[in-house]
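Q: Pasting a structure here, questions to come.
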Amino acid sequence: MRSWRIMAAAATLTVVATACSGSDLSAGGADAGGGGSSSGVGSATHGDAELRVEEAQLGAGASTNGGQTAARLPTVGPSVIKTGYLKLTVSEDGFSEATQDAVALAGRFSGFVLSTSIEGKDSRSGTLVIRVPSDRFEELVNEVKNLGDVRSESISGQDVTQEFVDLESRLRNLRAQEAVLLRLFDKATTVAATIRVQSELGRVQLESEQLRGRLRYLEDQTSLATLSITVAEKGVPAPATRGTLAKAWDRALEGALGVVAAVIVGAGTLLPVFLLILVGVAIFRQVRPRFTS
């Protein structure tokens with residue numbers, strides 16, 4: 001009975017030792033296989049492999065960076081595009097004085113006159129477009145109202161804060177992509193890879209320029225408000241408007257003149273062709289009797 005127990009214990013130890021040695025061999029084989037594969041990758045074109053890896057990480061890395069940028073954007077106040085329109089009536093012979101006062105107000109509020117349009121005989125009516133810093137827009141409107149009798153008024157504001165935040169976030173995202181593409185461009189080892197990276201880099205840079213242009217426009221519109229002022233003396237009639245029939249006649253006349261112009265252009269284009277055909281016919285008539293005889 002004791003010898004049977006000894007034999008059973010010996011068999012158990014043998015099985016355990018065999019299992020442990022098998023697992024060690026499997027782990028060693030796996031390590032050997034992994035080492036072999038790494039060696040194989042190392043023997044391939046190392047530059048192209050890195051290029052492909054960074055290209056694969058470009059989208060994820062750039063989007064992550066863009067998300068971090070959006071999260072880190074500072075809190076900003078509202079960005080509003082302010083525009084206004086005032087129509088004033090002044091006393092007779094008061095047009096020149098009113099317009100001069102409006103120009104003086106523009107300078108007083110650190111602004112400038114963008115454009116001037118004068119209508120009517122003896123300069124009795126006209127329109128001025130003034131731009132001033134947005135924070136002084138309301139003061140300008142109140143002062144301009146004192147130049148005459150207000151006949152109509154329109155003040156509006158467009159909040160573009162969300163567009164500002166979105167454009168800045170997209171621009172930072174594109175800058176991150178551009179930095180990655182520049183690194184890829186330096187690591188490209190083949191013509192095909194260089195062309196592929198250069199094409200993507202051009203697209204990213206073009207989109208960045210478009211976003212920067214839009215941001216510059218929004219910054220200009222939000223930093224400076226625009227006020228259009230129409231000044232007219234009392235008794236100046238409203239500009240005459242043409243009737244529907246008159247407008248239709250003008251359009252018909254323009255269409256007829258357009259057809260005549262098209263015919264003249266076509267005739268001028270086909271005239272050389274007709275001349276060549278006539279010359280060819282004349283030469284053929286001169287040469288044909290010789291062949292028939």
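The values are calculated or read from the model by the stated rules, or taken from the named source; none is laboratory data. Model, not experiment: these values are computed from the prediction. Virtual Cβ from ideal backbone geometry, glycine too; neighbours counted across all protein chains shown.
Q: May I ask you to list pairs of residues, at least six apart or on different chains, whose Cβ atoms are under 8 Å apart, with the first in segment 247-274 being at pLDDT below 75 and the second being not acidic (Asp, Glu)?
A: 250/242
Q: So, residue 143, is that one in the same structural domain as residue 232 (by TED's automatic domain parsing) and not in a helix (DSSP H, G or I) or not? Give the steps one after another, and end with the answer.
A: On the way: in the same structural domain as residue 232 (by TED's automatic domain parsing): yes; not in a helix (DSSP H, G or I): no.
No.
Q: Then there's this: Out of curiosity, is residue 178 crowded, with 16+ Cβ neighbours inside 10 Å and among the acidic types (Asp, Glu)?
A: Yes; evaluated as a whole, the condition is true for this residue.
Q: Now, a different point. Give segment 146-170 a look and list any residue that's closer than 30 Å to residue 209 by Cα and either in a helix (DSSP H, G or I) or without any contact (Cβ under 8 Å) to a residue 60 or more places away in the chain (or both), or say none.
A: Passing the criteria: 161, 162, 163, 164, 165, 166, 167, 168, 169, 170.
Residues are listed down the side, and each one gets a yes or a no for (1) crowded, with 16+ Cβ neighbours inside 10 Å; (2) assigned to a strand (DSSP E or B); (3) under 31 Å from the mean Cα position of the chain (by Cα):
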| residue | (1), (2), (3) |
| --- | --- |
| 100 | no, no, no |
| 104 | no, no, no |
| 114 | no, yes, yes |
| 130 | yes, yes, yes |
| 137 | yes, no, yes |
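Q: Can you tell me which residues in segment 116-128 are surrounded by fewer than 18 Cβ atoms within 10 Å (Cβ to Cβ) and either touching a residue at least 12 places away in the same chain (Cβ under 8 Å) or within 14 Å of residue 228 (Cα to Cα) (or both)?
A: Selection gives 116, 117, 118, 119, 120, 123, 127.
This table checks each residue for (1) under 30 Å from residue 156 (Cα atoms); (2) buried (at least 16 other Cβ atoms within 10 Å of the Cβ); (3) touching a strand residue (DSSP E or B) at 6+ places or on another chain (Cβ under 8 Å).
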| site | (1), (2), (3) |
| --- | --- |
| 186 | no, no, no |
| 189 | no, no, no |
| 195 | no, no, no |
| 199 | no, no, no |
| 202 | no, no, no |
| 206 | no, no, no |
| 213 | yes, no, no |
| 222 | yes, yes, yes |
